[in-house]
Each structure stands twice: as C-alpha cells, then as structure tokens.
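Written below as structure tokens is the structure these notes are about.
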Amino acid sequence: MARKIRATAKLIENLRIVVDNRRAHSVCIDLPPKNGTNMGPTALELAVMSYAGCFATIFALTAQKMRIPIEALEVKLDALKSEEARTITEATFDILVSADAPKDRIHRIFKLTVKNCPVGKIFEKAGVKISYNLDIEKK
C-alpha cells in the first residue's frame with residue numbers, strides 16, 4: 001500500500017522559504033548571502049542532509065533489529081554538484097561506527113542499509129555515483 005508523504009513550501013521573505021511536512025516539523029531553506037539571506041540550507045543541501053540522515057537512521061534501525069548495540073555512529077556525506085549537470089552527480093560517504101560486534105556483522109548492517117535506504121534509492125535512480133568509506137572501531 002502506498003503512503004503519501006506531504007510537504008508544503010511557503011515563501012516568507014526574499015528567497016527564504018519554510019518547508020514543512022504538514023505534521024509539526026518545519027525547516028527554513030534559503031540561498032547563500034550572494035542571492036539570499038543565509039537563514040537556512042539550500043534545498044539541494046537539505047536533500048544531501050536528508051540522505052545522510054536517512055542512511056544513519058536505516059543503519060541504526062538495522063543494527064537494532066540484528067540486536068547489535070551501536071556505541072557511536074557518524075555519517076558524513078560530501079556531494080559534488082556538477083556545473084554542467086547543474087545538480088549532484090557524485091556522493092561520497094564516510095561512515096564511522098563504534099560497536100562491540102564482529103566486523104562481518106557490521107558489514108552486513110552496512111550492506112542492508114545501502115540496499116534499504118529510501119533516500120538512497122532516489123539518488124541511485126537519479127544516476128548519482130555513490131561511494132562509501134566504512135571505518136569500524138571495535139570497543
């Protein structure tokens with residue numbers, strides 16, 4: 001069964017826009033000082049932030065389901081916006097995981113996360129070249 005995910009965008013002032021999910025959560029987006037007032041991330045930055053957040057969420061949920069306690073998780077994402085394509089063409093993840101678990105179990109969580117991250121699927125279908133660096137610290 002399909003589920004609707006909703007959003008509303010409302011122009012506030014100049015190029016500052018508030019987007020919300022029609023529940024109780026909102027974010028201000030804007031452009032850098034050259035064109036905007038720098039009061040929030042750009043919409044494209046928000047998309048990259050969403051991808052990093054989704055990856056971390058799915059990783060943590062998968063670890064929870066596998067009963068592997070994660071002591072620390074940090075997901076950094078660098079996206080490259082091509083001037084030619086005028087959008088993101090490459091994304092590089094640096095993932096730092098600290099857990100008291102065998103490395104093969106952490107690698108399994110990682111593979112399942114890549115496979116099941118819904119925002120990742122959007123980026124993949126858009127043709128973004130995605131690479132991952134996974135660093136596991138055993139506690």
For this session: Could you please find all residues in the range 98-139 being part of a strand (DSSP E or B), within 16 Å of the chain's Cα centre (by Cα) and surrounded by 12 or more Cβ atoms within 10 Å (Cβ to Cβ)?
Result: 129, 130, 132, 134
Exercise. Which condition breaks for residue 75 when tested against (1) closer than 22 Å to residue 103 by Cβ; (2) in contact (Cβ under 8 Å) with a residue 40 or more places away in the chain; (3) of a type in the set (Val, Ile, Thr)?
Worked result: (2)
For this session: Report whether or not residue 62 is surrounded by 13 or more Cβ atoms within 10 Å (Cβ to Cβ) and modelled with pLDDT of 95 or more.
Result: yes
For this session: Pick out the one residue from 100, 104, 78 that is under 29 Å from residue 20 (Cα atoms) and either among the hydrophobic types (A, V, I, L, M, F, W, C) or not assigned by TED's automatic domain parsing to the domain that holds residue 16 (or both).
Result: 78
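The values are calculated or read from the model by the stated rules, or taken from the named source; none is laboratory data. Predicted model only: the values in this text are computed from it and were never measured. Note: ideal-geometry Cβ built from the backbone for every residue, glycine included; neighbour counts use all protein chains shown.
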